[in-house]
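The next block holds one structure in the form of structure tokens; read it before the comments.
The values are calculated or read from the model by the stated rules, or taken from the named source; none is laboratory data. Computed from a predicted structure; not experimentally measured. Neighbour counts run over all protein chains shown; Cβ positions are idealised from the backbone, glycine included.
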Amino acid sequence: MKVGDSILVCDAGGGTVDLVTYRIKRLPPDLQVEESGLSSGGKCGSVFLNRIFENWVDTELGEGNRLSKASRAHMMHHFETVTKRDFDVGEEADVCYQECLG
């Protein structure tokens, strides 16, 4: 890091994802930064991924094939604690981002 560099902070939480950019004004030991852009955020946090996944499972199972409460709870716990945390798109992400952002 050097004076003048910018840092993007992404706070991806349960309900929202917030972005803010800071510019380094002074290096440690007396680190000083200033906000250098407009902060932004949206309601697109982790809880929304859970809802989308749960709806997708319901659609895939079809009408009349609902999971028991215990099975659904187990599935969602696994999705939250394993599947989402291990997700990695690898090199494909660069291609997707370029195409999506055009």
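For the range 35-45, the criterion of being among the basic types (Lys, Arg) and under 30 Å from MET76 (Cβ atoms) is met by at least one residue. Can you find a residue in the range 41-48 that is part of a loop (DSSP other than H, G, I, E, B) and exposed (fewer than 12 other Cβ atoms within 10 Å of the Cβ)? Within the range 41-48, one or more residues are part of a loop (DSSP other than H, G, I, E, B) and exposed (fewer than 12 other Cβ atoms within 10 Å of the Cβ). When GLY4, GLY62 are checked against the criterion of being surrounded by fewer than 10 Cβ atoms within 10 Å (Cβ to Cβ) and modelled with pLDDT of 95 or more, a single residue qualifies: GLY4. Pairs are defined by a Cβ separation below 6 Å, a sequence spacing of at least 6 or placement on different chains, a first member in the range 52-77 that is within 23 Å of GLY14 (Cβ to Cβ), and a second member that is surrounded by 10 or more Cβ atoms within 10 Å (Cβ to Cβ); the pairs so defined are PHE53/PHE79.
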